[in-house]
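Reviewing the structure listed below.
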Amino acid sequence: MPRATSTSGSSSGREPVALFYNELFLKHEAPFSHPESPERLRAILSLLRESGAHDEVDWAPFKAASEEDIEAVHHERLVRQVLEASMGGGRYLDPDTYTNTYSYDAAMLAAGALKAAVDAVLGGEYRRAFALVRPPGHHATPDRAMGFCLFNNVAVGVRHAQRTHGVQRAFIVDWDVHHGNGTQDIFYEDPDVFFFSVHQYGAFFYPGTGAMTETGAGPGKGTTANVPLPAGMTDAVYQEVWNRILIPLIRRWQPEIIFISAGYDAHWRDPLAGMRLSVSGFGWLATQLLRAADELGVPVVATLEGGYDLEALALSVLATVRAMQGAPLPEDALGIPDGGPPSRDVLDLLDHIRAIHQI
């Protein structure tokens with residue numbers, strides 16, 4: 001895939017990073033006020049321009065996914081449902097998940113961005129790519145749109161890597177504060193895809209899945225790892241999750257490509273959850289994950305999921321992009337909560353998960 005811009009990479013002394021975005025993503029909009037709004041992408045793009053990062057990355061071209069691409073991970077009836085809802089002018093598919101006239105096209109284009117990102121990194125032109133897309137995708141199950149998500153973008157990307165590029169070992173890291181139930185469902189019995197999720201977990205917290213005992217089924221037994229955490233966890237706890245569980249799993253799994261479902265709603269200012277991560281914390285998570293990928297010599301594709309405080313979202317995406325570039329992380333202007341070291345109860349939980357997965 002040719003690069004869209006020549007200003008990144010070697011000319012700036014930084015790792016070239018491909019970003020994927022289209023203005024059609026802004027036209028997917030609820031009829032009433034909704035946390036998953038076009039303002040999310042507008043805030044991100046504004047900060048990328050203000051910081052200079054906008055001109056230091058490559059904005060790569062891409063096309064919409066085909067119905068065949070979507071049906072590689074979803075039932076045909078879901079594709080028909082979203083299409084008919086959009087053709088009818090839009091409606092809510094559940095109390096949280098809306099469509100309008102542009103939603104079907106935006107969702108197809110979002111999934112297509114993941115295909116193009118996979119082609120970019122597995123074709124050798126890049127090692128790192130980030131799809132700035134909406135609607136998000138990780139809650140969309142094989143037969144249901146839910147949780148603001150219509151089609152499962154990261155799953156389309158993984159299936160494309162398998163079918164087109166012959167990838168036999170893919171690893172998905174989902175750090176969104178909500179469990180990626182749709183992604184888990186799609187790959188729960190797939191022995192060639194490892195799904196890892198760290199998320200807030202507790203009574204009445206959406207979507208209610210992601211227990212540590214959910215580890216895969218059939219030939220996929222052992223290829224799902226969930227780290228369900230109580231509310232209030234800070235950077236220090238997530239660092240322990242990375243050091244004790246995620247990085248050892250990646251090293252053992254030896255993937256050919258790593259995907260990130262990059263949700264930023266675990267930030268302490270996010271209105272939809274109760275975690276206490278900082279912008280610096282997200283930068284650290286991205287940096288350590290990229291180092292693990294570099295250690296194995298494998299590419300990384302990230303896709304935007306949640307994150308609903310606009311300033312925290314934009315700063316955290318910028319931190320991820322800077323980490324992908326191998327550049328200094330931005331200053332954390334929002335502050336870092338002081339939570340102290342992880343409690344004994346949390347460390348015992350992590351040890352229990354380590355035992356489940358024989359780490």
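Brief remarks on what is shown
- Over the stretch 141-262, relative contact order from alpha-carbon pairs under 8 Å, at least 6 apart, %: 29 percent
- The mean sequence distance of close C-alpha pairs (under 8 Å, at least 6 residues apart), as a share of the length of the chain, puts its relative contact order at 18 percent.
- With only the Cα atoms considered, the stretch 9-356 has a convex hull volume of 120 Å³ per residue.
- GNM remark for the chain: springs join alpha carbons under 10 Å apart, and the peak mean-square fluctuation among Arg40, Arg276, Arg77 falls on Arg77.
- Entry note, the stretch 195-266: relative contact order of 28 percent, from Cα contacts under 8 Å with a spacing of 6+ residues.
- Whole-Å semi-axes of the ellipsoid equivalent to the stretch 290-359 (Cα gyration tensor, √5λ, descending): 27, 21, 13
- GNM remark for the chain: springs join alpha carbons under 10 Å apart, and the peak mean-square fluctuation among Gly112, Gly218, Gly274 falls on Gly218.
- Ranked His199, His75, criterion: other C-beta atoms within 10 Å, fewest first: His75, His199
- Annotation: the residues Asp94, Asp119, Asp332, sorted from fewest to most other C-beta atoms within 10 Å of their own C-beta, follow the order Asp94, Asp332, Asp119.
- Candidates Glu71, Glu331, Glu84: whichever shows maximal mean-square fluctuation once the chain is modelled as a Gaussian network with Cα springs under 10 Å: Glu331
- In the chain, helical runs assigned H by DSSP with n ≥ 4 each contribute -39500 (n - 2.57); averaged across all residues and rounded to the nearest 500, the mean residue ellipticity at 222 nm is -11500 deg cm²/dmol.
- Trp59, Trp284 arranged by Cβ crowding within 10 Å, fewest neighbours leading: Trp59, Trp284
- Scanning the chain for long hydrophobic helices, with DSSP H runs required to stretch 27 angstrom or more by C-alpha along their axis and to average at least -0.5 on the Kyte-Doolittle scale, returns 103-122.
A short reminder: the numbers here are calculations on the coordinates, not readings from a lab. Bear in mind that the values here come from a model prediction, so they are computed numbers and not experimental data. In this analysis, Cβ positions are derived from the backbone assuming ideal geometry, glycine residues included, and neighbour counts consider all displayed protein chains.
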